[in-house]
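Input: a single structure, listed below in structure tokens.
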Amino acid sequence: MPTLSTPPTVIVVGAGPAGLTAAIALVRQGIPTLVVERRTAPSPFPRATGVNLRTMELMRAWGLEQSVRSGAVAGETTGWVGPTLVSPDGTEVSMGFPSAADAALLSPTTGIIAPQDHLEPVLMEHFLSFSAASVLVGTTVIGFTADQDGVIVSLRQGDERSTVRAAYLIGADGARSTVRRHSGIPMRGPGELAAYLAVVFHAPLAEFVDKPLHGLYMLTRQGPPWVFLPTDACDRWAFSMTWDPTRETLADYPPERLAELIRSGAGVPDLEVDIAWVSDFAFTAEIADRYREGRVFIVGDAAHRMTPRGATGMNTAIHDGYDLGWKLGWVLRGWADESLLDTFEAERRPVGLRNMERSTHSSDQRDVSKDYLDDIADRVPHVWLPDGHTSTLDLLGDGLLIMTGPGGHAPLPVPTPAIPVVVHVLDPATADALHLGVDGAMLVRPDGQPIARWDVSPDASIISSAIATLGVAVGEHTPVVERAELVLG
Ligand SMILES: Cc1cc2nc3c(=O)[nH]c(=O)nc-3n(C[C@H](O)[C@H](O)[C@H](O)COP(=O)(O)OP(=O)(O)OC[C@H]3O[C@@H](n4cnc5c(N)ncnc54)[C@H](O)[C@@H]3O)c2cc1C
């Protein structure tokens, strides 16, 4: 077993989207973080392809927007329903993403169609660019013990076993989470709803299908629809259909039979099809009773399973990972006390529950077209600053942000000895767009969630009280601006 150059403060189990996002949020704050991943190579199945608006905002904040976008399918974040892929009788449907025009009003970025097997390496490369990062691949977490001082995690790599200690453990180890099981956290919900056969194939389908491509094609047939997804910028597609694993096995679907099914779904009888990979998966909907057991947290699919409907599984996992990562980083840096960690489950479990429940409905059972609003409802609105390329969201950093109207006192007395607080005096138009009066001010968390708004410039004690709600100790009435910067608008 390799030795670690830096003893980890946090161990993250699983290098999927949830684990990597949590790990990045921690190492960006300098917290020594070890990711343990049992796989040695990426999954051959692209899985999620819908990367939503809020996820892309996080990627933008980390400077990863272009890298993620470079793996995108050239197409729209819309769905399509029709009898075959090439039929002229199809209808465009919403995938729960905003139109390009709506996205431009709401955000400095847009959602995209990009496969999970492109996103994960981008996240891993970014994680490993930090000196606080370490990773063990081909290594399985087989158990752990936890007490009030920390965790001791048991690892298996080949025939070798070892243990590693840390202050906290994050289970981002997917639907069959070992961490969740060892924590004794039960799951509830409808459970398994349908069984699907999943096929990854290469075919020059883009030559036959109308442009721009859609992110999802649902073929109307007798019974449940067949689904086709473009999964890269070239010719790789995924095809899935319901099947009955109690009566059939994968051996009943040799490549030639699958190729025929794909040709008939495509509506292109002589389509050249190269089957790359076949497997099965279940549409499952359930959620963990709780997201934390002492020093152990669970995020992503380990905490909730949702069907692919609505494209929320990976996005919710990423938002969980980010939420826990910044909060745990704050606590470990001594910026906030443990009470901040209680807000992880309080804020994220209702989102997991909502998305899990929504994913049990098919697209003809509920209108998904405005779902994207829920992910951005709690953050400050996006407004372009006068320079035309900086968004209000770009003002957010590791610490706290105070945005004031043009008449705001700058620098405000910012009474916190530990946390960097950026004070940004807005121009009149931006302040107006945020409904901040000339003397108004707004205190904002690093994830963009406003903590407090004031119509008149707040004094130090008012700011102290607002900051204290985050579990941050502040010197009462001590107008210290230590480590704070002033950014002028
Ligand atoms: C067909 C399909 C289509 C989908 N489409 C979408 C979509 O369009 N949009 C969307 O948002 N979501 C979609 N999803 C869901 C999405 O893929 C998952 O929600 C997402 O992968 C969850 O990420 P995660 O990091 O929580 O877990 P995972 O991606 O499952 O990662 C868990 C990681 O932990 C590792 N691991 C597990 N146990 C251990 C252990 N004991 N020790 C060490 N490592 C371990 C695993 O190897 C894995 O790498 C889709 C899923 C499927 C199956």
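Overview of values
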quantity	calculated
Over the chain: helical MRE at 222 nm, DSSP H runs n ≥ 4 each giving -39500 (n - 2.57), nearest 500	-7500 deg cm²/dmol
Nonlocal amide H pairs with residue 15, under 5 Å, H built at 1.01 Å	38
Extension gain from residue 435 to residue 274, taking 0.36 nm per residue of separation minus the Cα-Cα distance	52.4 nm
Dipole of the chain, positive end: most advanced residue of 369, 32, 351 [Cβ charges, Cα centre]	32
Within region 76-99, backbone nitrogen closer than 16 Å to the virtual label 7 Å beyond the Cα of residue 208 toward Cβ	82-90
Residue-normalised accessible area of the chain, expressed per residue, 1.4 Å probe, Å²	42
Positive dipole terminus of the chain, leading residue within 420, 216, 42 (C-beta point charges)	42
Farthest positive-ward along region 1-122 dipole, Cα basis, beta-carbon charges - from 72, 103, 61	61
Under the Karplus curve 6.51 cos²θ - 1.76 cosθ + 1.60, θ = phi - 60°, whole-Hz ³J(HN,Hα) for region 184-201, x wherever Gly or Pro sits	x, 9, x, 9, 9, x, x, x, 6, 10, 6, 10, 10, 9, 10, 10, 9, 9
Per-residue HN-Hα couplings for region 243-254 [Karplus 6.51, -1.76, 1.60; θ = phi - 60°; Hz; x = Gly/Pro]	8, 10, x, 7, 10, 10, 10, 4, 5, 6, 10, x
Amide hydrogen neighbours beyond the local backbone of residue 111, cut-off 5 Å, H modeled	53
Solvent-accessible area, 1.4 Å probe, carbon plus sulfur percent, for the chain	52
Rounded to the nearest 10 Å², the accessible area of residue 59 at probe 1.4 Å	0
Using alpha carbons only: equivalent-ellipsoid semi-axes of the chain, gyration tensor based, whole Å	41, 29, 18
Dipole magnitude of the chain, debye to nearest 20 (Cβ charges: Lys/Arg +1, Asp/Glu -1, about Cα centre)	1020
Estimated distance in nm for a label pair at residue 256 and residue 361, the labels positioned 7 Å out from Cα along Cα-to-Cβ	4.6
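The values are calculated or read from the model by the stated rules, or taken from the named source; none is laboratory data. Remember, it's a predicted structure, so these values are computed and weren't measured experimentally. Positions of Cβ are generated from backbone atoms using ideal geometry, with glycine treated the same way; all protein chains shown enter the neighbour counts. Side chains are part of the model used for accessible areas, which takes the heavy atoms of the whole protein and leaves out ligands, DNA and RNA. Shrake-Rupley method; radii C 1.70, N 1.55, O 1.52, S 1.80 Å.
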